[in-house]
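Written below as structure tokens is the structure these notes are about.
The values are calculated or read from the model by the stated rules, or taken from the named source; none is laboratory data. What you are looking at is a predicted structure, and each value in this text was computed from that prediction instead of being measured. Please note: Cβ atoms are built from the backbone with ideal geometry, for glycine as well, and neighbour counts cover all protein chains shown. Keep in mind that these areas ignore ligands, DNA and RNA; they rest on the heavy atoms of the full protein, side chains included. Shrake-Rupley method; radii C 1.70, N 1.55, O 1.52, S 1.80 Å.
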Amino acid sequence: MSNSNTKFSSSFQKLWSSSAASNVSDGLLKTSVPLLATTLTKDPFWISSIAAIVMLPWLLFAIPVGGLVDRINRRQMLAVANSVRLSAALLLAFAVGFDFISLPLLLLTTFMFGVGEVIYDTTLQSMIPQVLEKDQLEQGNSRLQVTSVTLGEFVGAPLSGLLFAISITLPFFFGALGVLVAVLLVLTIPLQYANSEPAPKTEDKKSFWSDVRFGIRYLYEDKTLLKLVLLTSSIGFFFSASSSTMVLFLTETLDVPVALFGVLFAMPAFGALLGSVISHRISRRFGRTKVMAISMSISSLLVIFQGLSPNYWVLAALVTLGTAIITMWNVLLMATYHQVIPTELFGRIHGTRRTLVWGLMPIGSLLGGAIASIDLRLPFFVGGAICFALSLIGFRFIVGLQGKITESENA
């Protein structure tokens, strides 16, 4: 069994380093894009559209990308993903720098970046079971999350706000540079992990769409896995509705200075870092599925309290706590998926579930924008209340997942 001093393989270290390189860039762009949007429009619908369109590629492309990941060179897929993101970042940087930026162009580049994210995340998650042992999955996912938070939120996000205050173009050029470094580091991943594990030799060579349909059918026929995906999809939908106009809530209702925007976005990263570090320990102490069920309920309640925030410091504290709890949920959920989904099918099933979970988020974001047009606090109340109700409905089911995890450990 593993312990806190588990030595990860060199292959995982390479994958981790290529992932780490893009985190700073993500932090820079995640903070600067909504700030740029507020200089182009104050309409809640269009602001929520920015949040929606970055998730739209999950609805459109996650399933075919998952099929591709299971069939072709995964290292090259990571390079392609970062190349798409690099193109989007450079286009946005030059558009801002040469003053031809517009709302449609911002939506286009945001969509491009979302496409790159679909390819990157699906490929990365599909490779993790190949480079980690089963008893390393929680710690490996935790390490990836810690790195993402540390570099993206503690470095990228606050730096973005400061750079934006100096010059509106700087965060976008620095973001593009970060993605370029990530493209180069992808090439350090060992060649033997470029492809997925071979399918059983008894199977005939199937067409691409036959493989995709098989992955969808596998998810549909595994009722426990399907129920988990549907529950997380529903909660994700209303979480996105509650947060899609956060930038307007901060700037219009709570009057956050632009220079502090990145700092306030970075504060919840302390929570994410804490959640990443303690998730494995809390899971071992209380049981993975119990922690997941409780985290789901408490994080939903905190969304409601965020809507009551009298100032941005209180909001930052509530979001920080909520982020810690959600991060624990995410780390343990991904470890569960990596454990119960066959590695050779992971890309297809991951793509299918992300189509449902993240594909619904753009619609949730637009719903949040419509609700926010009434009052900017209202999305927190509506989204949080529905998420809490769903978490109570699914509580016993989540706790009962321990049986499926145990079954996979004994397989």
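Structure above, values below:
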{"read-out": "Test: residue in the range 226-237 that is open to solvent by 50 Å² or more (accessible area, probe 1.4 Å), β-branched (V, I, T) and modelled with pLDDT of 90 or more", "value": "no"}
{"read-out": "Cross-chain or 6+ apart pairs with Cβ under 7 Å, the range 111-135 first and closer than 19 Å to I50 by Cβ and free of Cβ contacts under 8 Å to residues at least 40 places away in the same chain, then of a type outside the set (A, V, I, L, M) and open to solvent by less than 10 Å² (accessible area, probe 1.4 Å)", "value": "G116/N82; G116/R85"}
{"read-out": "Pairs where the first residue, in the range 212-231, is on the phi > 0 side of the Ramachandran plot and the second is surrounded by 18 or more Cβ atoms within 10 Å (Cβ to Cβ), C-beta under 8 Å, 6+ apart", "value": "none"}
{"read-out": "For S148: the one exception among (1) at pLDDT 75 or above; (2) within 30 Å of G27 (Cβ to Cβ); (3) open to solvent by less than 60 Å² (accessible area, probe 1.4 Å)", "value": "(1)"}
{"read-out": "Residues being surrounded by fewer than 19 Cβ atoms within 10 Å (Cβ to Cβ), without any contact (Cβ under 8 Å) to a residue 40 or more places away in the chain and of a type in the set (G, A, S) - total across the range 62-110", "value": "1"}
{"read-out": "Number of positions in the range 352-384 that are in contact with a helix residue (DSSP H, G or I) (Cβ under 8 Å, 6 or more places away or on another chain), of a type outside the set (D, E, K, R) and open to solvent by 50 Å² or more (accessible area, probe 1.4 Å)", "value": "11"}
{"read-out": "Unmet requirement for T202, which otherwise passes all of (1) within 17 Å of I326 (Cβ to Cβ); (2) modelled with pLDDT under 85; (3) of a type in the set (S, T, Y)", "value": "(1)"}
{"read-out": "Helices (runs of 4 or more DSSP H) contained in the range 319-411 and holding at least 3 residues modelled with pLDDT of 90 or more and touching a Gly at 6+ places or on another chain (Cβ under 6 Å)", "value": "378-393"}
{"read-out": "Extreme residue, farthest from V319 (Cα to Cα), among residues of the range 250-292 that are surrounded by 22 or more Cβ atoms within 10 Å (Cβ to Cβ) and small (G, A, S)", "value": "S279"}
{"read-out": "Cβ pairs under 8 Å, 6+ apart, first in the range 9-35 and open to solvent by less than 40 Å² (accessible area, probe 1.4 Å), second assigned to a helix (DSSP H, G or I) and among the basic types (K, R)", "value": "S22/R85; S25/R85"}
